[in-house]
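The values are calculated or read from the model by the stated rules, or taken from the named source; none is laboratory data. Predicted model only: the values in this text are computed from it and were never measured. In this analysis, Cβ positions are derived from the backbone assuming ideal geometry, glycine residues included, and neighbour counts consider all displayed protein chains. To get the accessible areas, we keep the full protein, side chains included, count just its heavy atoms, and leave off ligands, DNA and RNA. Shrake-Rupley method; radii C 1.70, N 1.55, O 1.52, S 1.80 Å.
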Amino acid sequence: MAKRRLAATMFFAVIALALGSCGLSAGDGAFEGPYARLGPPDAPVKLFYEEEGKGPPVLLIHGFGTSTYTWRHIAPALALTHRVIAVDLKGFGQSDKPFDARYSVSDQAELLAQFIEEHDLRDLTIVGHSFGGGIALRLALDHDKRLAGRIKKLVLLDSIAYAQHIPIFFRVLDVPLVSHLGVRMVPPIAQTRVALRIAYFDDSKIDPEEVETYAAPLKTAAGKHAIIYSARQIVPDDLDAIAEQYKSITLPTLILWCDHDRIVPLEVGLKLRRALPNSSLRLVQDCGHMPQEEQPATTLDLLQGFIGG
C-alpha cells in the first residue's frame, strides 16, 4: 500500500503541477459565482462556486489540478434545463488553500456534503470527473443523515476508484522534487503541454488559449502546499475496504469513459460497471482522459440523455 500511495502521489502531483491550480472561472463570458463558507467553525474555508439555470440541481465536481473552468463547454447547455452548480474544490481554482493537511477525498466530500445541505439540494445529480469522481463515489457511500434522500443520480467521468497502474513516465519523480524544484525548473507552458498531450487523444484539439489558461503559474506557497498535500492523500489507507462498498450504491449511475484514457484506464470503468448494480457504461470515442473538454458534444448528449433535457 505504501508503494502504491507513493506512485500515485508522484503521478497526480505531476498532473497537478502541469495543469495548475490557478484561480480560474468557467471562461470568458461565463457567469461568476459567490463563495460558500464551509468546514469547522475554528478552521473554515471558502469554496468558490458558479451557479446558473433553474430546475433539478446538477453538481459538477472537477478533477485533480483543474477547476470549474473544465466545465466551460457543457455547463451552459445543461443550465438551460437544470440548476447547474460547479464548485472549485478546496485547494483548487479560486477556493481557499489553507496550510493544513485536510485535502483527502473524505475531507473534500465532507465539505461538499455540508454544501449540499446548506444549499438544500434535493433530487440532485452529482457529476464527478477523475478525482472528482472519487469524491462523488464517497458522497454516494456516505451514510450521513444530512444527505439522506438528496442524491438522485450519479455520473462518473473517467473516475478514480481502485488501485491502478501508474504510467512509468511519472515514476521518475519524487514528491520533494515536485514540490520544490518542478515548478521552478520547468516552464509552466511546457508542463501544461505535456500534461494535455497525455490527457488528450487528439493533440490537434489542444487549443493554445487552453494551454495559456492552464499554465497560469502556481505563484503562491499556499497553492503549492494544497497540491502536494492533495497528491499525498490521493490513495486512502482503506481504499480496498472502500471499494468493497461500491456494490451498495444503488443510485442510477452513468459511467462515461474515454476509449483512449492513459491516466485512469478503461479497466477501472469496467470494474465500476460490474460493481455498481444500477449502472451503465458508455464509451466516448477518440478521447483521452477529459471527455468534457476533448469531446464536449458527445459528453453533453450522453449527460442530457441520462439526466433529462
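Applying the condition of being at pLDDT 85 or above and either under 17 Å from H62 (Cα atoms) or within 18 Å of the chain's Cα centre (by Cα) (or both) to the stretch 197-228 and asking which residue is surrounded by the fewest Cβ atoms within 10 Å (Cβ to Cβ) yields I198.
Given the condition in contact (Cβ under 8 Å) with a residue 12 or more places away in the chain, open to solvent by less than 10 Å² (accessible area, probe 1.4 Å), within 15 Å of the chain's Cα centre (by Cα) and over 24 Å from I263 (Cβ atoms), answer yes or no: does some residue in the stretch 82-101 qualify? Checking the stretch 82-101: at least one residue is in contact (Cβ under 8 Å) with a residue 12 or more places away in the chain, open to solvent by less than 10 Å² (accessible area, probe 1.4 Å), within 15 Å of the chain's Cα centre (by Cα) and over 24 Å from I263 (Cβ atoms).
Tell me, please, whether a residue that is modelled with pLDDT of 50 or more, of a type outside the set (D, E), surrounded by fewer than 18 Cβ atoms within 10 Å (Cβ to Cβ) and closer than 19 Å to A113 by Cα can be found in the stretch 29-36. Full working, then the answer.
Of the stretch 29-36, the ones modelled with pLDDT of 50 or more are 32-36.
Now drop any that are not of a type outside the set (D, E), which leaves 33-36.
Now narrow it down to the ones that are surrounded by fewer than 18 Cβ atoms within 10 Å (Cβ to Cβ): 34-35.
The next check asks that each one be closer than 19 Å to A113 by Cα; those that pass are 34-35.
Yes, the stretch 29-36 has at least one match.
Scanning the stretch 109-155 for residues that are farther than 17 Å from I85 by Cα and buried (at least 24 other Cβ atoms within 10 Å of the Cβ) yields S130, F131, G134, L137.
Given the criteria open to solvent by 40 Å² or more (accessible area, probe 1.4 Å) and more than 19 Å from the chain's Cα centre (by Cα), does P41 qualify? Against the criterion (open to solvent by 40 Å² or more (accessible area, probe 1.4 Å) and more than 19 Å from the chain's Cα centre (by Cα)), P41 qualifies.
Could you grab me the full set of residues in the stretch 246-292 that are in a loop (DSSP other than H, G, I, E, B) and acidic (D, E)? Can you show your working first?
Of all residues in the stretch 246-292, those in a loop (DSSP other than H, G, I, E, B) come to 249-252, 259-265, 276-278, 285-290.
The answer is D259, D261, D286.
Can you tell me which residue is most open to solvent (accessible area, probe 1.4 Å) among those in the stretch 246-275 that are among the β-branched types (V, I, T) and farther than 30 Å from A101 by Cβ? Looking at residues that are among the β-branched types (V, I, T) and farther than 30 Å from A101 by Cβ, I get T250.
What's the total number of residues in the stretch 294-309 that are at pLDDT 95 or above and open to solvent by 10 Å² or more (accessible area, probe 1.4 Å)? Give the steps one after another, and end with the answer.
Initially, the stretch 294-309 is screened for residues at pLDDT 95 or above, giving 294-307.
When the remaining residues are screened for being open to solvent by 10 Å² or more (accessible area, probe 1.4 Å), the result is 295-298, 300-302, 304-307.
Here the count works out to 11.
With respect to being over 22 Å from V194 (Cβ atoms), surrounded by fewer than 17 Cβ atoms within 10 Å (Cβ to Cβ) and touching a residue at least 40 places away in the same chain (Cβ under 8 Å), Q285 falls outside the description.
Scan the stretch 185-193 and tell me whether some residue there is at pLDDT 80 or above and over 16 Å from the mean Cα position of the chain (by Cα). Even if it seems obvious, please write down each step before you answer.
Here is the first cut: in the stretch 185-193, the residues at pLDDT 80 or above are 193.
In the following step, the residues that additionally are over 16 Å from the mean Cα position of the chain (by Cα) were identified as 193.
Checked against the condition, which is being at pLDDT 80 or above and over 16 Å from the mean Cα position of the chain (by Cα), the stretch 185-193 yields at least one hit.
Filter the stretch 49-81 down to the residues that are under 17 Å from F115 (Cβ atoms), open to solvent by less than 10 Å² (accessible area, probe 1.4 Å) and not hydrophobic (A, V, I, L, M, F, W, C) and list them by number. Within the stretch 49-81, E50, H62, S67, T68 qualify.
Taking the stretch 231-245 as the range and being in a loop (DSSP other than H, G, I, E, B) and surrounded by 20 or more Cβ atoms within 10 Å (Cβ to Cβ) as the test, the residues that pass are Q233, I234, V235.
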